[in-house]
1. Calculate, in nm to one decimal, what residue 151 and residue 242 gain on full extension: separation in residues at 0.36 nm each, minus their alpha carbon distance.
2. In deg cm²/dmol, rounded to 500, what helix-only [θ] at 222 nm does the chain give when every DSSP H run of at least 4 residues adds -39500 (n - 2.57) and the total is split over its residues?
3. May I ask you to derive the relative contact order of the chain, considering only C-alpha pairs under 8 Å and at least 6 residues apart, and to give it as an integer percent?
4. Mind ordering 225-235, 135-145 by average Cβ neighbours within 10 Å, highest first?
5. Can you run the Rg to Rh ratio on the stretch 135-239? Use alpha carbon positions and the Kirkwood inverse-distance Rh.
6. Considering only C-alpha atoms, what is the centroid distance from the stretch 55-127 to the stretch 229-304, in Å?
7. Give me log10 I(q)/I(0) at q = 0.13 Å⁻¹ for the stretch 75-150, Debye formula, one equal scatterer per alpha-carbon, no solvent.
8. Take the stretch 244-306, drop everything but the C-alpha atoms, weight them equally and run the Debye formula without solvent; then report log10 I(q)/I(0) at 0.22, 0.27 Å⁻¹ to two decimals.
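What follows is calculated from the coordinates using simple rules that are stated; it is not laboratory data. Please read all numbers here as calculations on a predicted model, not as lab measurements. Because the Cβ atoms are built from the backbone with ideal geometry, glycine has one as well, and the counts that use them run over all protein chains shown.
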Ligand code: PSU
Ligand code: MN
């Protein structure tokens with residue numbers, strides 16, 4: 001495959017699966033280094049890979065290591081990223097060329113994972129939450145590069161909706177402007193990560209992995225730019241109380257403002273702060289929703305290969 005460019009290292013198992021037309025699911029690495037504390041981050045990343053395998057697909061965790069774009073990393077490399085945590089550079093699209101040139105490491109955000117997955121020909125990706133339009137973006141202009149990547153790169157992203165640390169209404173408007181279909185899996189309502197409800201509607205409800213695969217296959221066949229966003233509600237038994245989690249998020253945002261934290265530190269800070277305020281409950285929910293997304297993404301990837 002010519003898109004296997006000279007900066008890309010595709011793990012043998014992933015390469016074989018792609019060449020044989022077997023299902024592959026991309027996984028990101030910022031969730032490991034910046035999204036969760038050690039050692040839960042490493043345990044979760046390894047468990048997610050196992051869930052993908054158990055559901056019939058090959059996992060491809062994506063990261064930048066020593067300036068190489070890795071599609072599929074080893075358990076040792078996952079451990080390395082998890083231990084290094086915030087000391088790994090959180091790599092969005094803009095960081096990629098410099099990190100390659102300097103032969104440095106980078107944890108791939110959703111945007112960067114999509115970019116690298118597309119280079120390797122991986123079309124389905126599971127994560128926890130995507131970045132979006134932040135609250136107050138009308139003055140800060142803090143809009144995640146994840147949204148721009150969804151607008152231009154052909155990868156289907158399965159997430160648990162967007163967190164209330166974002167402005168969900170503005171995030172949905174932005175995705176509409178950019179032509180990104182937002183699908184609700186077995187729901188009409190946009191899930192809000194820790195909770196199944198948000199008060200906002202998705203564009204379409206689809207009820208089976210096969211229906212999602214069919215819609216995604218059409219978008220690919222039409223050679224339209226950009227991806228598709230599948231929002232998968234956290235399982236009921238792990239979802240958090242809406243009023244409680246929103247209060248915790250408001251408190252975390254206040255503390256963030258007081259500390260003057262902004263830019264790329266925003267999302268990691270808020271995730272860690274919300275975890276602290278909830279006494280770890282938000283982390284448990286976060287882990288469970290990632291598992292749930294890995295399963296659905298694998299099922300969709302399998303349908304794509306039929
Ligand atoms: N949301 C989470 N966990 C995460 C992230 C978002 O619940 O780990 C990470 C993802 O890698 C996502 C990134 O792509 O944060 C978005 O950061 P920003 O808002 O700076 O674009
Ligand atoms: Mn940002």
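1. Working: separation 91, 0.36 × 91 = 32.76 nm, distance 2.99 nm.
Result: 29.8 nm gained on full extension.
2. Working: 13 runs with 143 residues, N = 306.
One gets -14000 deg cm²/dmol as the mean residue ellipticity at 222 nm.
3. Working: 635 pairs, mean separation 61.3, N = 306.
The normalised contact order for the chain reaches 20 percent.
4. On the way: 225-235: 22.6, 135-145: 15.0.
Averaged packing, sorted descending, gives the order 225-235, 135-145.
5. Details: Rg = 13.6 Å, Rh = 14.0 Å.
Rounded to two decimals, Rg/Rh equals 0.97.
6. If we compute the Cα centre of each part, the gap is 21 Å.
7. Computed log10 I(q)/I(0) values: -0.47.
8. The calculated log intensity ratios at q = 0.22, 0.27 Å⁻¹ are -0.85, -1.06.
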